[in-house]
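The values are calculated or read from the model by the stated rules, or taken from the named source; none is laboratory data. Predicted, not measured: the structure shown is a model, and the values here were computed from it. Ideal geometry is used to build each Cβ from the backbone, glycine not excepted, and the neighbour counts take in all protein chains shown. Quick note on the areas: whole protein, heavy atoms, side chains included, nothing else; ligands and nucleic acids left out. Shrake-Rupley method; radii C 1.70, N 1.55, O 1.52, S 1.80 Å.
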Amino acid sequence: MQQASILKPQDVALLVKLLAKGAQEWRQVDVASELGLSQGEIAKSLHRLVKSGLVHGKRPNRAAALELLIHAVKYVFPAQV
C-alpha cells in the first residue's frame, strides 16, 4: 500500500528557497545547510514536492507554487493563536 504524499512545513520552506534561487544551480547538501535540515530530509522533501507537482526536476513550478503560497498555506498550516 502506498503512503499518501502529505506536504510538511519544511517542504514549503524548501519550495520558497528554490523560488528564491531562481535559475541559480544548487545542490541538496548546500540547501540542507542553508535551511538547517539534513540532506536526507531535503531529498524526501524534494520527492514530496515533485510528487505534488510543485517542482519539476530541480526547478519549482512557479504558477503552482504561487497558488499554494497565496491560497492554501493558511489552511494547510493554520496559525496557532
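Residue by residue through the stretch 54-81, note down the ones that are free of Cβ contacts under 8 Å to residues at least 24 places away in the same chain and surrounded by 12 or more Cβ atoms within 10 Å (Cβ to Cβ).
Answer for the stretch 54-81, where residues must be free of Cβ contacts under 8 Å to residues at least 24 places away in the same chain and surrounded by 12 or more Cβ atoms within 10 Å (Cβ to Cβ): N61, A64, L66, E67, A72.
What is the residue count in the stretch 24-33 for residues that are loosely packed, with under 15 Cβ neighbours inside 10 Å and either farther than 14 Å from V55 by Cβ or in contact with a Pro (Cβ under 7 Å, 6 or more places away or on another chain) (or both)?
6
May I ask you to list the residues in the stretch 1-23 that are of a type in the set (S, T, N, Q), touching a residue at least 40 places away in the same chain (Cβ under 8 Å) and open to solvent by 60 Å² or more (accessible area, probe 1.4 Å)?
none
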